[in-house]
Amino acid sequence: MTVRITTANLNGIRAAARKGFFDWFTEEAPDVLCVQETKAQYDQLAGDATYFPEGWHAYFEDAEKKGYSGVALYSRVEPDDVIRGVGFPEIDREGRWIEARYGNLSVVSFYMPSGTSGDHRQGFKYAFMDPFMAYLAELRKGPRSYIICGDWNIAHTKLDLRNWRSNQKNSGFLPEERAWLDRLFDEVGLVDAFRVVEPETEQYTWWSYRGQAWANNTGWRIDYEVITPDLREAVRSASIYEGARFSDHAPMTLAYDLTLG
């Protein structure tokens, strides 16, 4: 069975809805949609059918701070369970992890902190990364299979951003951040699913709103579906949708040979 999973940082779910995202989503009809940066509270969306399309079960994990962060997950199959947060209070207050469990498989919508707003947030990001690595290593050792979808806010290699030379001192492509992904993939053993089927493709998922980044394709690939290695052979295809711009990120969809539940 082919299962299609889409990840999309919407940089505001209400703004993306106004740009036609939910029309695209219901036509595209993936089995699971993982959303980051909802920037809304559940009670601000409840009652509006736009955000609860027929045929999908919808789950939200909001940040305590209104208008900030937040993740969501839409699923055509009702999960056995939904897990919110990773047990780190400073992270969980920002609404960065929601996990749907189907039998032995977990699908996660995850939003890594960004350091682009200044040294304080870069420090916050660094402080999270090491314990999070340990958390992921424990998941890797466990019996469950994982597909962790989301905005990881790090471009891994020079294939993953257009202007890699000039960005080596910028958050998202710092040597320490890239080395962290090296450890995640090479030592912990998790897998960048996009690179399983597109090992050399220079394709991006984020473009700055500044200048002509979108028009010139001056982008970064910072959105990933990170999987446990048992799912490597299940990856069938990957695509990034650039037909319309719903936010500064593009939706990315991967197809897997597996079942939900």
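The values are calculated or read from the model by the stated rules, or taken from the named source; none is laboratory data. Quick caveat, the model's predicted, so the values are computed rather than measured. When we count neighbours, we look across all protein chains shown, and the Cβ atoms used for this are built from the backbone with ideal geometry, even at glycine.
Observations, loosely collected:
- Filter result (part of a helix (DSSP H, G or I) and among the aliphatic types (A, V, I, L, M)) within the stretch 40-60: Leu45, Ala49
- The set of residues in the stretch 104-118 that are out of contact with any Asp or Glu (no Cβ under 7 Å at 6 or more places or on another chain) and part of a loop (DSSP other than H, G, I, E, B) comprises Asn104, Pro113, Ser114, Gly115, Thr116, Ser117, Gly118.
- Among the residues of the stretch 202-232, those identified as surrounded by fewer than 18 Cβ atoms within 10 Å (Cβ to Cβ) and within 19 Å of the chain's Cα centre (by Cα) are Glu202, Gln203, Ser208, Pro229, Arg232.
- Qualifying position, being crowded, with 21+ Cβ neighbours inside 10 Å and in contact with a Phe, Trp or Tyr (Cβ under 7 Å, 6 or more places away or on another chain), among Asp62, Asp80: Asp62
- Considering each residue of the stretch 98-105 in turn, none proves to be surrounded by 18 or more Cβ atoms within 10 Å (Cβ to Cβ), among the aromatic types (Phe, Trp, Tyr) and without any contact (Cβ under 8 Å) to a residue 60 or more places away in the chain.
- Unique residue being out of contact with any strand residue (DSSP E or B) (no Cβ under 7 Å at 6 or more places or on another chain) and crowded, with 21+ Cβ neighbours inside 10 Å when the list is Ala16, Ala46: Ala16
- Selected residue (criterion: farthest from Pro251 (Cα to Cα)) from residues of the stretch 179-203 that are touching a residue at least 40 places away in the same chain (Cβ under 8 Å) and charged (D, E, K, R): Arg183
- Checked against (1) over 22 Å from Val3 (Cα atoms); (2) at pLDDT 95 or above, Gly118 passes all but condition (2).
- Some residue of the stretch 119-142 being at positive phi and either touching a helix residue (DSSP H, G or I) at 6+ places or on another chain (Cβ under 6 Å) or surrounded by 21 or more Cβ atoms within 10 Å (Cβ to Cβ) (or both): no
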